[in-house]
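Peer 1: This structure is in C-alpha cells; I'll ask about it shortly.
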Amino acid sequence: MAPTTALAVEWQTEQIIKCLFEDDITCRSLSCEGLEVDSARNDEDTFDPVQAAETLKRVGDAMKDDVEFKAALAGLKQAVAEEAMDMVFSRGVDAICKTHVCQQPEVSSEMQLINASVAFGLYLQKSSPQLETKIRRAMVAFITSRVGVWLFQQGGWGNVV
C-alpha cells in the first residue's frame, strides 16, 4: 500500500532509520512498532523497513572506505559540538555525492542522496555512538526534506528499495 501523505513517507523513513541503526536488525521481531496502520493489511503492502534498512546498510558499508567520504567527516564532528548537525550533515552528504563512488549514471540523483546519507549516518553512528539520537534526527530531516517528495511520488519506500 503506497503512503497517502508526505507524513506517511516521513514515518516510513523514521522506521527505516530506526531499523538501520539496530546492531543485528532486531526490528523485525518488534514489527517496527505500529507498522500495521490499517487493521487489515493486504498483499499490496510492500513496505518493509527491515528489508529497506538491510539494503541501505549494504550500500552504506560499501562506501565507508572512500578517501573523500572520510574527508567529508572532518567538519561534521566539529559542527556537532556546535549544534549544527542538520546543516553539516547535509553538506557532508552533498560532498559525498560529488565523489566518484556516488556518481553512477544508472542511479537516480535521489537514490544517490539516500545512499550517501545512509553511508554517512552509519559511519557517524559507529564512530560517535553517543550522538546517535542527533544523527538519526539529522538523517530523517535530510531524507525527508531532500527526497521526501520523490519518495512519495514513487509510492513510498516499498517501491524504492
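Peer 1: Between Met139, Met111, Met87, which is over 14 Å from the mean Cα position of the chain (by Cα), part of a helix (DSSP H, G or I) and modelled with pLDDT of 75 or more?
Peer 2: Values: Met139 fails: over 14 Å from the mean Cα position of the chain (by Cα); Met111 fails: over 14 Å from the mean Cα position of the chain (by Cα).
It is Met87.
Peer 1: So which residues in segment 29-68 are crowded, with 17+ Cβ neighbours inside 10 Å, over 24 Å from Asp94 (Cα atoms) and modelled with pLDDT under 80?
Peer 2: Cys32, Leu35
Peer 1: Check whether at least one residue in segment 126-134 is surrounded by 18 or more Cβ atoms within 10 Å (Cβ to Cβ), within 26 Å of Phe47 (Cα to Cα) and modelled with pLDDT of 85 or more, and report yes or no.
Peer 2: For segment 126-134, residues surrounded by 18 or more Cβ atoms within 10 Å (Cβ to Cβ), within 26 Å of Phe47 (Cα to Cα) and modelled with pLDDT of 85 or more: absent.
Peer 1: If you go through segment 72-81 one residue at a time, do you hit one that is at pLDDT 80 or above and assigned to a helix (DSSP H, G or I)? Explain how you work it out, then say what you get.
Peer 2: At the first step, the residues of segment 72-81 found to be at pLDDT 80 or above are none.
No, every residue in segment 72-81 fails to be at pLDDT 80 or above and assigned to a helix (DSSP H, G or I).
Peer 1: What residue, among those in segment 1-11 that are assigned to a helix (DSSP H, G or I) and surrounded by fewer than 23 Cβ atoms within 10 Å (Cβ to Cβ), is modelled with the lowest pLDDT?
Peer 2: The selected residue is Ala6.
The values are calculated or read from the model by the stated rules, or taken from the named source; none is laboratory data. In this text the structure is predicted, and so the values were computed from the model without any measurement. Quick reminder, even Gly has a Cβ in these numbers, built from the backbone with ideal geometry, and neighbours come from all protein chains shown.
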